[in-house]
Protein chains: 4
Amino acid sequence: MLKSAFTLLVVIGWNSNVFAQLPDPGFEIDRTTAIVITDPQNDFLSPDGVTWGVVGESVTANNTVENLETLFQLAEANGIKVFISPHYYYKHDHSWKFEGALETLMHKITMFDRGDQLSTEGFDGSGADFLERYKKYIDKDFVTVVGPHKVFGPEQNDLSLQLRKQKIDKVILAGMSGNLCVESHLRELLEDGFEVSVVGDATASAIIPGYDGNAAAQTNFRFIASHVYTTKELKEELQK
Amino acid sequence: MLKSAFTLLVVIGWNSNVFAQLPDPGFEIDRTTAIVITDPQNDFLSPDGVTWGVVGESVTANNTVENLETLFQLAEANGIKVFISPHYYYKHDHSWKFEGALETLMHKITMFDRGDQLSTEGFDGSGADFLERYKKYIDKDFVTVVGPHKVFGPEQNDLSLQLRKQKIDKVILAGMSGNLCVESHLRELLEDGFEVSVVGDATASAIIPGYDGNAAAQTNFRFIASHVYTTKELKEELQK
Amino acid sequence: MLKSAFTLLVVIGWNSNVFAQLPDPGFEIDRTTAIVITDPQNDFLSPDGVTWGVVGESVTANNTVENLETLFQLAEANGIKVFISPHYYYKHDHSWKFEGALETLMHKITMFDRGDQLSTEGFDGSGADFLERYKKYIDKDFVTVVGPHKVFGPEQNDLSLQLRKQKIDKVILAGMSGNLCVESHLRELLEDGFEVSVVGDATASAIIPGYDGNAAAQTNFRFIASHVYTTKELKEELQK
Amino acid sequence: MLKSAFTLLVVIGWNSNVFAQLPDPGFEIDRTTAIVITDPQNDFLSPDGVTWGVVGESVTANNTVENLETLFQLAEANGIKVFISPHYYYKHDHSWKFEGALETLMHKITMFDRGDQLSTEGFDGSGADFLERYKKYIDKDFVTVVGPHKVFGPEQNDLSLQLRKQKIDKVILAGMSGNLCVESHLRELLEDGFEVSVVGDATASAIIPGYDGNAAAQTNFRFIASHVYTTKELKEELQK
């Protein structure tokens, strides 16, 4: 009853050039496509945020703040839904018994802190709040803010469900930080069966001695996504 | 009924030095710890494998083949269970309607190909088979081979369940390739609530013009894991 | 920046009749629809299978064996893809350190046993093999057999991914056993964002003193799914 | 290199009595055990809640409100952590493009409605709020309220992660409603590798003409969980 054996394709002359010509599968924007933005929050994007000392260089070099605003504008102009996956740490998260390196750091510097999900005291303008210039878009109906992720990926929130409940199958991904939350979202959305592209310069990452988070992110975006856009290329694509 | 507001800790004098001193939370090996190895298969680790042209440089530089064998030996000697998460592409996987860049490539070069899960014809010694020198360990009872992952992470297989069913809560991770399957396993195991360390030099990654997969992997391991071991350090730790 | 408060709809005259008139959202079969069948294997559906003593009554009453064959026929005739999610227990699964009631039983009676994923010895015609009369369909290209689930749901296999990679968003669900694997697949597919209907009489369940698994399954199908078909109704729907 | 073939155990004289003697694997409460309660909210448990007309009969018969309070008291007295998985529907959830039967109903009757996660206006005492008598427990530190689930199971929230981050491996489950959220939590926690018991009479379910949700729930709890407690039995167990 076994299926007939699968004849292996003969691969003649394959060599490292195959990788040198890493495929670019491409990405077609259609009515099942949404934009997903991770962590457009003060602690990452404001010079007053707790991580500016290490992400500021990359945010500035990539022009991330402006590029993310362009994404909101392109979405609104083109009838594309935007989903935001934010990061909040609640009081009880500070009692976790183990954490990885960046988790430990984020907790130590009180990044994204908020009392709990039923408390909004002190939230407005805090590091956990959205960057002020994005609020006018986020308040509109084309933007949905899903529940908070708790480590780096959307495994703990309702992002995938909210996308599917709107019949979204394809995602254009951007946000902060590139090699942590954006990349974890990219990987999980892929496993969830979404077709995913990334806007490379609408992300930024921490750069510390010996470890260039932005280079890591851009490398992995290129290896993993269906396509890596620049903001300019995406804009031209949508204006065709 | 809201919980009392959470008072934000006052962070005095925090600056970029915090990141410069990226925490190293550490990892204590105990009886709830297992070793997880991804893709110890010919297509990655044999000079005859279909990806050697691009991963060979990193495999050789990191001494990955020998380091992975050391992990099998250390596990057996110290009563540590090993779980292998392999990669198989079946005939029907070749009819997928969309794929990311590396997925496209892997299918194109017939990497890890196997007819189906009820076929073993032509499997022995194929690119999908385990590296010959590891088989004497894998055949023993301390090693469990879980179902195949299908993209890069363990979301599509039973790795997490098999670990939990053996009361494993902590993972020492290694294997191929570093910035794809190892890193996706790291990220998903973290979201699944495992405490995870990585053996950095028991991984290797593709290096292609403009994109250093190994640098990306080592950077992200350092940011995300509880600790990054060298094989030598792990050996010393277990011999204490 | 908070979104304007959501005004609760005034619900006038709501009472228990609302539930008495439990909504039937309905299900429209289109080109994004597939049929998913769980465990069409001898141990459930053959009088020689290890569970026949307790599921036989329900299999016979529901006409499950014939109804499942009708689903294969309808699928082939109407160009609908079929995905099978099988159940295999490997040797290493028998060393699990804890299990629920039915898991314990399934292991005890060696249900669905198979050596491992690289062994097909003794598989043909075993309790883990597909019912003989279904093999002529399963061997064809419109049927995809995904990896095995390990408890009751598709969380440990690649069912969701395989469906999405074929651009499937809607599922017609059937198979064995109703209140265990079918229902766990229903619940997980729903959380994964699929629109799901069930063919109630193409399932069957264990009935033991004090516990009617079939009644439980049919109740929960009605509460949870978008629509519950009979095989006859589905046939008529497809012949319109 | 295949593992030696697994010899099937000879099962002599197995018959339906095996199921008649459905195993009761048992459950040992230790320091890795927590109590998880789903939806202890007014819309389910208060006579003023929107579902009382259909769940009231079962809530009263099972003595659910008092039994859940006993669980909070037992937890506090015995140093057992409690995790609450609540249900909130936000404004944007009302724009979903498809839903199953009960989802459709819950939205129609504005069950668990709350503006959004950054709004608490009108929340206090609403159908989405916790039952007043439980608040004095929930306000204490032994209780953690995780993010909201969005369909029936914990796939969209951080329950599993929060449990693991506290080194919890075993769960005693209760809450509302039995055959929907409790059962979906039971099934998903099992797939996530937790050892799970249920307190049968600290749940209740909708009973509508032709469909007894409570019978379905109690049947499936018995089939699936490691053990089904009564509140009285759990109390005695903890007082040993």
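Just a few scattered comments:
- Flag for residue B:154 being within 29 Å of residue A:179 (Cβ to Cβ), within 14 Å of chain D (Cβ to nearest Cβ) and either crowded, with 19+ Cβ neighbours inside 10 Å or without any contact (Cβ under 8 Å) to a residue 12 or more places away in the chain (or both): yes
- Here residue D:105 does not fit the description of being in contact (Cβ under 8 Å) with a residue 24 or more places away in the chain, in a helix (DSSP H, G or I) and either among the acidic types (Asp, Glu) or out of contact with any His (no Cβ under 9 Å at 6 or more places or on another chain) (or both).
- Scanning the range A:164-194 for residues that are in contact with a strand residue (DSSP E or B) (Cβ under 8 Å, 6 or more places away or on another chain) and among the aliphatic types (A, V, I, L, M) yields A:168, A:171, A:172, A:173, A:174, A:176, A:182, A:186, A:189, A:190.
Matching residues to (1) within 10 Å of chain A (Cβ to nearest Cβ); (2) among the hydrophobic types (A, V, I, L, M, F, W, C); (3) assigned to a helix (DSSP H, G or I); (4) in contact with a Gly (Cβ under 9 Å, 6 or more places away or on another chain):
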position	(1), (2), (3), (4)
D:68	no, yes, yes, yes
D:72	no, yes, yes, no
D:80	no, yes, no, no
D:97	yes, no, no, no
D:110	no, no, no, yes
D:120	yes, no, no, no
D:125	no, no, no, no
D:162	yes, no, yes, yes
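- Filter result for residue A:194 (modelled with pLDDT under 95, surrounded by 23 or more Cβ atoms within 10 Å (Cβ to Cβ) and of a type outside the set (D, E, K, R)): no
- For beta carbons closer than 9 Å, sequence separation of 6+ or different chains, a first residue in the range C:42-56 that is assigned to a loop (DSSP other than H, G, I, E, B) and a second that is among the acidic types (Asp, Glu) and surrounded by 21 or more Cβ atoms within 10 Å (Cβ to Cβ), the qualifying pairs are C:49/C:43; C:50/C:43; C:51/C:43.
- Members of the range A:25-55 found to be modelled with pLDDT under 95 and at the interface with chain B (Cβ under 7 Å from one of its Cβ atoms), listed by number: A:50, A:53, A:54
- Pairing each residue of the range D:164-176 that is under 16 Å from residue B:170 (Cα atoms) with any residue that is in a loop (DSSP other than H, G, I, E, B) and among the β-branched types (Val, Ile, Thr), provided the two are 6+ apart or on different chains, yields C-beta distances under 8 Å for D:167/D:32; D:168/D:32; D:169/D:32.
- Hits in the range C:127-150 - residues which are of a type in the set (Lys, Arg) and within 7 Å of another protein chain (Cβ to nearest Cβ): C:135, C:150
- Here the range C:118-158 is the region considered, the condition is being modelled with pLDDT of 95 or more and polar (S, T, N, Q), and the residue that is nearest to residue B:151 (Cα to Cα) is C:157.
- Looking only at residues of the range D:220-240 that are more than 8 Å from chain C (Cβ to nearest Cβ) and more than 17 Å from residue D:36 (Cα to Cα), we find that the one that is modelled with the lowest pLDDT is D:240.
- Residue in the range B:60-76 that is touching a residue at least 24 places away in the same chain (Cβ under 8 Å), over 18 Å from residue B:125 (Cα atoms) and aromatic (Phe, Trp, Tyr) present: yes
- Qualifying residue in the range C:168-175 (condition: at the interface with another protein chain (Cβ under 9 Å from one of its Cβ atoms), of a type outside the set (D, E, K, R) and buried (at least 24 other Cβ atoms within 10 Å of the Cβ)): no
- Residue B:85 vs. criteria closer than 30 Å to residue B:237 by Cα and among the hydroxyl-bearing types (Ser, Thr, Tyr): yes
- Picking from residues in the range C:82-94 that are in a helix (DSSP H, G or I) and of a type outside the set (D, E, K, R), the one that is surrounded by the fewest Cβ atoms within 10 Å (Cβ to Cβ) is C:94.
- Subset of the range A:185-219 (residues that are assigned to a helix (DSSP H, G or I) and within 14 Å of chain C (Cβ to nearest Cβ)): A:187, A:188, A:189, A:190, A:191
- Restricted to the range D:39-74, and to residues there that are aliphatic (A, V, I, L, M) and surrounded by fewer than 22 Cβ atoms within 10 Å (Cβ to Cβ), the residue that is nearest to residue A:168 (Cα to Cα) is D:65.
- Qualifying residue in the range D:198-217 (condition: among the acidic types (Asp, Glu), more than 19 Å from residue D:63 (Cα to Cα) and surrounded by fewer than 24 Cβ atoms within 10 Å (Cβ to Cβ)): no
- Test for residue B:103: is it more than 30 Å from residue C:99 (Cβ to Cβ) and either within 14 Å of chain D (Cβ to nearest Cβ) or buried (at least 23 other Cβ atoms within 10 Å of the Cβ) (or both): yes
- Listed conditions (1) crowded, with 20+ Cβ neighbours inside 10 Å; (2) in contact (Cβ under 8 Å) with a residue 24 or more places away in the chain are all met by residue B:30, apart from (1).
- Matching residues in the range D:164-184 - criterion: being within 19 Å of residue C:100 (Cβ to Cβ) and assigned to a strand (DSSP E or B): D:170, D:171, D:172, D:173, D:174, D:175
The values are calculated or read from the model by the stated rules, or taken from the named source; none is laboratory data. Because the structure is a prediction, the values reported are computed rather than measured. Note: ideal-geometry Cβ built from the backbone for every residue, glycine included; neighbour counts use all protein chains shown.
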